[in-house]
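Below you'll find the structure, written out as structure tokens, and then a few comments.
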Amino acid sequence: MNSWLPVHPDSDLSLHNLPYGTFSTSTLSNRIGTAVGDHVLDLRTLAEDGIFDCLGFDASTLRESTLNKFANLGREAHRALRKYLQELLREDTPRPGLLRDHIDRRNIVVIPLDEVQMHLPMELGDYTDFFVGLHHAQNCSKLFGHKGVPASYFDCPLAYHGRASSVVVSGTNSHRPHGQMQRQGETVFGPTTKLDFEVELAAFISRGNKMGDSIDADNSEDQFLVLC
């Protein structure tokens, strides 16, 4: 599936991907967009022009500064938008007058990637971190004085609460955490002398559940916003 926008064959940002995100420029405030090759498509402006009104969901959610409201619409809306964007952007688009051949609109909504600043795509209320890697779980267990991971780990990975404010956009400088530690028999406060770098995989939960209620595994896929 080729696009009328230039997309390098080795690019991760082809029409088969179209990740949702939020961005700003020197002249545009935070808004929702999708990346295509070396460009970003301004979905907020397209929504304001009524381009997505035919898709059967509340397109005003795309005029927000974060993805929270759009994410809450569910998987059906997410798929409908991505399919429609593929139609608009493919080389043989059946709707050439909406974007490909609409030069004035193209000059506004198609923005070079090197001109945008990326932001966290959603406002985070909380997050849970899972120990899915055995070696990492073993190392952390030793820090707390345990001999090994609990036997239940092999049936369901352990999880713990994390601080949402520590989630930042790629490229943000990291800070060495401070805490209490033992040095020469005394408890002192200062920067940690060891750092553990990990590769993480995250999923944004787009729909909440009432306190005390659980989400059935058969319905779990509709609770997430797939960003890529």
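Things worth noting here:
- Per this entry, H146 is not counted among residues that are in contact (Cβ under 8 Å) with a residue 60 or more places away in the chain and either aromatic (F, W, Y) or over 30 Å from D42 (Cα atoms) (or both).
Yes or no, residue by residue, for (1) in contact with a helix residue (DSSP H, G or I) (Cβ under 9 Å, 6 or more places away or on another chain); (2) assigned to a loop (DSSP other than H, G, I, E, B); (3) open to solvent by 70 Å² or more (accessible area, probe 1.4 Å); (4) in contact (Cβ under 8 Å) with a residue 40 or more places away in the chain:
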residue	(1), (2), (3), (4)
L18	yes, yes, no, yes
S26	yes, yes, yes, yes
A35	yes, no, no, yes
T45	yes, no, no, yes
T61	yes, no, no, no
T66	no, yes, no, yes
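- Scan of segment 1-16 for residues that are of a type outside the set (G, A, S) and either within 9 Å of V36 (Cβ to Cβ) or open to solvent by less than 40 Å² (accessible area, probe 1.4 Å) (or both), ordered by number: L5, V7, L13, L15
- Segment 189-217 - residue that is of a type in the set (S, T, Y) and in contact with a strand residue (DSSP E or B) (Cβ under 8 Å, 6 or more places away or on another chain) and, of those, surrounded by the fewest Cβ atoms within 10 Å (Cβ to Cβ): T193
- Test for L41: is it open to solvent by less than 10 Å² (accessible area, probe 1.4 Å) and assigned to a strand (DSSP E or B): yes
- Residues being of a type in the set (D, E, K, R) and under 30 Å from the mean Cα position of the chain (by Cα) - total across segment 177-197: 2
The values are calculated or read from the model by the stated rules, or taken from the named source; none is laboratory data. Since this is a predicted model, take the numbers as computed values, not measurements. As a convention, Cβ positions derive from the backbone with ideal geometry for all residues, glycine included, and neighbour counts pool all protein chains shown. Areas reflect the complete protein model, heavy atoms only, side chains present, ligands, DNA and RNA absent. Shrake-Rupley method; radii C 1.70, N 1.55, O 1.52, S 1.80 Å.
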